[in-house]
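Notes follow the structure.
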């Protein structure tokens, strides 16, 4: 039985769209969704999601994407713990646990639900068996000894690849964990940049691995914050070895490099930063198409053009309408056959700019080819303090292999979209 | 690239007017061994199904007692396949394991294949399955002389179903065989009377599961008999065997160039390729100007691994295709 029935797409007003069609909208019981993952079992498509402001995880049956149904919600550790991130592969669900508001000042952390009177939190990564898709069974818990983990990578098999704050470190580092015995997850190796260990002098700018550490063959692609985009050779998983590092200097928010996704067949990668401050107070954020034909010398070929409102819009500048405006997430396939591959069409969430679609056939001249921007949310969900002004804030994205696009926002539930533009191939 | 999971093959059943498509379809749907399939026809009334046996018809979709689903093409093929997909996942119709698409007798199969290989259709978990072409042995020679569509239907077929053989004279049978030797010597020929044919022969062993997974099955495409030019037509099938593994970048570039320059003359190309760095066989398909995203098969058959490529053309010289293959 569905926990919550599908809602009318009328709940979501379309403000601007080109080559993108609204398929469905579901508020998920007024719990905005964040990181999403998908598995197909017996012909049914299950979307697993963490939540932006709420504890726990939700499973949405999206077999019929025009009628998504919430089929399960369950709670995670509650005290001072974020449960934002999920990944599913090989019948296993990996959920991140992280201290709420690690990087925020205490007043802001309190708005996210941090209770300073209880100086504890849960941290690490939980490993669940989801072969019975609606009955997650906890198999094990990897502890970091630090603040926990953020965006992790798992594509099945023996190893999960974490962006983890281990004991003794100032920020998140890369940790490979063997989960062949999921009840006893075991660290295989770790890799950090200079200045992350608490027993060494801090660097002027603290770097932190945002993740996921995206693994392609024997390489790990690390979005390493202020340390830029890092490529490691992990052919020996016990000894990760640096192949190359691409600095983005003072571009981007305090976050630095947020995503580093390889497009292996094209010997390319996509590098993104994430807008952090509202009203464009960050140093300019960017998304770059990278040439990795020589993996030891990564080189930016182009930067995606900044979105400009169309004539349909009631405003002339996204940057001036409030909230954050800048890149955040791209779709990451995690080598799952139920997820879309990244071809010549790049989908990017852009906070107040909604969803932006780029034709990247010519990596030197990427062009915007479509977009979807909803109207302003009609209410604040839970207790968010952001955006200060209530405008769309598109956060995360996942695309299934049927072409249906799932999007999360700070004040909207699950939005399902579909690209209707020309076939770009690839 | 990875092997497609959970996909539904779409089999194209083509053949000229009166060549026995509907008779074959009806016989197949009546077989106890037939797994549940969805059948797409141009008009529901065209298919001579006993209407008393149809359990219900709603929104143009009929459900047969066997659990098979029949519908007519609505709006266009892509729309129809999307509707079938959504009705299936909504459980409004019984599940189906394959789709059989019956084309009109005058259809050029090229555009149909282009739709089946297109991104929107592949995204809905459909894969292009085999092309079955019915050939009426009593009229083949006359029809083929007069209608280029009929020649193309035979040229692009993966299998040929020879119908009405019991009604044909030895001369007619020989004439039909001659035409097929010219147009498509490689495709297996299945002789039927009144639509009776074993499902294994028509669709392959293990249908529908094995359709895209067995390289032994794929091998049937590539018997290397060269066409005999006993008829004045411009359709030719050129086949190639390449023993050493190929570089994907070179194959891709060479075939793209060939299709860009001569696509209007290329009815179909299909390849089973051994690519450096990839353990499994890579399946390539092209129709006219478009090379479609490759698929992976689960593994090689027993025989020595080698790449096979068949290019079916209308009106270009062998040397042009030879040069493209040499550049792979």
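Only one of the listed residues (A:145, A:156) is loosely packed, with under 14 Cβ neighbours inside 10 Å and on the phi > 0 side of the Ramachandran plot. That residue is A:145. Out of the residues in the range B:296-314 meeting the condition of being out of contact with any helix residue (DSSP H, G or I) (no Cβ under 7 Å at 6 or more places or on another chain) and part of a strand (DSSP E or B), tell me which one is nearest to residue B:128 (Cα to Cα). Looking at the filtered set, the residue picked out is B:296. Taking the criterion of being part of a loop (DSSP other than H, G, I, E, B), closer than 20 Å to residue A:250 by Cα and in contact with a strand residue (DSSP E or B) (Cβ under 8 Å, 6 or more places away or on another chain), the residues of the range A:275-296 that qualify are A:275, A:285, A:286. With respect to (1) without any contact (Cβ under 8 Å) to a residue 40 or more places away in the chain; (2) touching a strand residue (DSSP E or B) at 6+ places or on another chain (Cβ under 9 Å); (3) farther than 24 Å from residue A:329 by Cα; (4) surrounded by fewer than 21 Cβ atoms within 10 Å (Cβ to Cβ), the lone exception for residue A:206 is condition (3). With respect to residue B:80, is the statement that it is away from chain A (no Cβ under 14 Å), in a helix (DSSP H, G or I) and touching a residue at least 12 places away in the same chain (Cβ under 8 Å) true? Answer is yes for this residue. When the criteria are applied in full, residue B:103 fails the requirement of being more than 23 Å from residue B:206 (Cβ to Cβ), within 14 Å of chain A (Cβ to nearest Cβ) and touching a helix residue (DSSP H, G or I) at 6+ places or on another chain (Cβ under 8 Å). When we screen B:112, B:156 for residues that are more than 30 Å from residue A:19 (Cβ to Cβ), under 15 Å from the mean Cα position of the chain (by Cα) and in the same structural domain as residue B:201 (by TED's automatic domain parsing), the only hit is B:156. Among the residues of the range A:22-52, the one identified as more than 14 Å from chain B (Cβ to nearest Cβ) and out of contact with any strand residue (DSSP E or B) (no Cβ under 9 Å at 6 or more places or on another chain) is A:30.
The values are calculated or read from the model by the stated rules, or taken from the named source; none is laboratory data. It should be emphasised that the depicted structure is a prediction, and the values quoted were computed from it without experimental measurement. Reconstructed Cβ throughout: ideal geometry from the backbone, glycine too, with neighbour counts over all protein chains shown.
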